[in-house]
1. On the given criteria, is Ala147 hydrophobic (A, V, I, L, M, F, W, C), within 29 Å of Pro304 (Cα to Cα) and without any contact (Cβ under 8 Å) to a residue 12 or more places away in the chain?
2. Within the group Asp245, Asp265, which residue is charged (D, E, K, R), in the same structural domain as Tyr137 (by TED's automatic domain parsing) and loosely packed, with under 15 Cβ neighbours inside 10 Å?
3. Considering each of Asn210, Asn235, Asn226 in turn, give the residue that is over 23 Å from Leu297 (Cα atoms), more than 26 Å from the chain's Cα centre (by Cα) and either surrounded by fewer than 16 Cβ atoms within 10 Å (Cβ to Cβ) or more than 16 Å from the ligand (Cβ to nearest atom) (or both).
4. For the stretch 292-333, give me each residue that is in a strand (DSSP E or B) and either over 38 Å from the mean Cα position of the chain (by Cα) or not assigned by TED's automatic domain parsing to the domain that holds Ile145 (or both).
5. Evaluate the stretch 278-287: report whether one residue or more is exposed (fewer than 15 other Cβ atoms within 10 Å of the Cβ) and either in a loop (DSSP other than H, G, I, E, B) or touching a strand residue (DSSP E or B) at 6+ places or on another chain (Cβ under 7 Å) (or both).
6. Provide a single number: the residues in the stretch 212-247 that are without any contact (Cβ under 8 Å) to a residue 12 or more places away in the chain and in a loop (DSSP other than H, G, I, E, B).
7. Within the set of pairs 6 or more residues apart or between chains, which connect a residue that is over 16 Å from Ile227 (Cα atoms) inside the stretch 252-270 to a residue that is outside any loop (DSSP other than H, G, I, E, B) and among the acidic types (Asp, Glu) with Cβ atoms less than 8 Å apart?
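The values are calculated or read from the model by the stated rules, or taken from the named source; none is laboratory data. This is a predicted model, so every value here is computed, not measured. In this analysis, Cβ positions are derived from the backbone assuming ideal geometry, glycine residues included, and neighbour counts consider all displayed protein chains.
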Amino acid sequence: MDLSSLSLAKNEIKEELKTADSLAAIENLRVKFLGKNGVLKRLTAELASLSVEDKKQVGLVINEIKQEVETGLALATEQLSTQHKADSLEDFVKTLPGKKPEIGHLHVTTQAIREIVEVFKPLGFTRVRHPEIDWEYYAFEALNIPATHPARDEWETFFIDAPVDPKMSRQVITPHTSNGQIREMLKGDLPIRMLNISRCGRRQSDISHNPTFFQFEGLVVDKGINISHLKGVLNYFAKNFYGPDRQIRLRPYDFRFTEPSFEIDISCGICGGVGCKLCKGGWLELGGAGMVHPNVLIAGGVDPTQYSGFAFGWGVERVYMMKSGTRIDDIRHLLGNDLKFLEQF
Ligand SMILES: [Zn+2]
């Protein structure tokens, strides 16, 4: 082995590298030159038989060849991959329709909440927020609902498994939004026109009840508030939310936190008042309303000889279902997460 034959070999290798036009060809050349029994291994082994002076010079050339081979193989690989990309672009059909991204929208309950807020806004009602898990005191006691009342039974209300407070008693998932009445009055900022909307929980599940639902609670406290104000506000809501063809009726009822109390009904939007499996008699119960009980005013720190008020607490889902054109025959669909259902709204 001498330097001239080596440089000849170097040129031949360079030429051969140019022929690598496939991954298989590149791999073959790699094995041929750099492999265990490759050309470079063989040349390096032959170095042993050379003089010290020749070893240096020949060693340098062998190193050059090795770098040449490595660079050549890397270059060939890169060219091949660029070529591959260009080929796949040729397969791209520009006129083929693209995939449309799925665009969602607000849940029907959120839409209903926003609509309700808008209806009450011109009357001066402001949306407020109060705890959805609250002490039994705010959810029942302060609302004139004694410990013996059936609503405070384990089978009616979700109680939280947490330490009991001697004054506030147990914690509950609020079964209504009326705890907000007490908390709002305790702010001491009179007069009040609030709309408290939040999630509630009750141990019930059937065609017209979900264990989790939303309520909106209206509370007005001011001097000289009487029952005509209550009727006026509810009529205003019915006209603006449901339209002029729906009817409202007030039935005397008994609630602990209002006196007098009413159950507010609306004519069924599915059967038009004839009677169907949802309404059973042509009327649907919207929810309770009434004049705030003096004991509740006192619990809220309000003097009942100076102030009076009215309140109503209705289910958001129920109210929305009764809206004209909304043909939901089972309230549980609303929490079912079935897109085929939800996409309709
Ligand atoms: Zn009906």
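1. It is true that Ala147 is hydrophobic (A, V, I, L, M, F, W, C), within 29 Å of Pro304 (Cα to Cα) and without any contact (Cβ under 8 Å) to a residue 12 or more places away in the chain.
2. After applying the criteria, what remains is Asp245.
3. So the residue among Asn210, Asn235, Asn226 that is over 23 Å from Leu297 (Cα atoms), more than 26 Å from the chain's Cα centre (by Cα) and either surrounded by fewer than 16 Cβ atoms within 10 Å (Cβ to Cβ) or more than 16 Å from the ligand (Cβ to nearest atom) (or both) is Asn235.
4. Ser308
5. Checked the stretch 278-287: at least one residue is exposed (fewer than 15 other Cβ atoms within 10 Å of the Cβ) and either in a loop (DSSP other than H, G, I, E, B) or touching a strand residue (DSSP E or B) at 6+ places or on another chain (Cβ under 7 Å) (or both).
6. Selection size over the stretch 212-247: 1.
7. Once the first residue is over 16 Å from Ile227 (Cα atoms) and sits in the stretch 252-270, its partners that are outside any loop (DSSP other than H, G, I, E, B) and among the acidic types (Asp, Glu) give Asp265/Glu285.
Residue by residue, here is whether (1) modelled with pLDDT under 85; (2) within 12 Å of the ligand (Cβ to nearest atom) holds:
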{"residue": "Glu259", "(1), (2)": "no, no"}
{"residue": "Gly269", "(1), (2)": "yes, yes"}
{"residue": "Lys277", "(1), (2)": "yes, yes"}
{"residue": "Gly281", "(1), (2)": "no, yes"}
{"residue": "Gly288", "(1), (2)": "no, no"}
{"residue": "Met291", "(1), (2)": "no, no"}
{"residue": "Asn295", "(1), (2)": "no, no"}
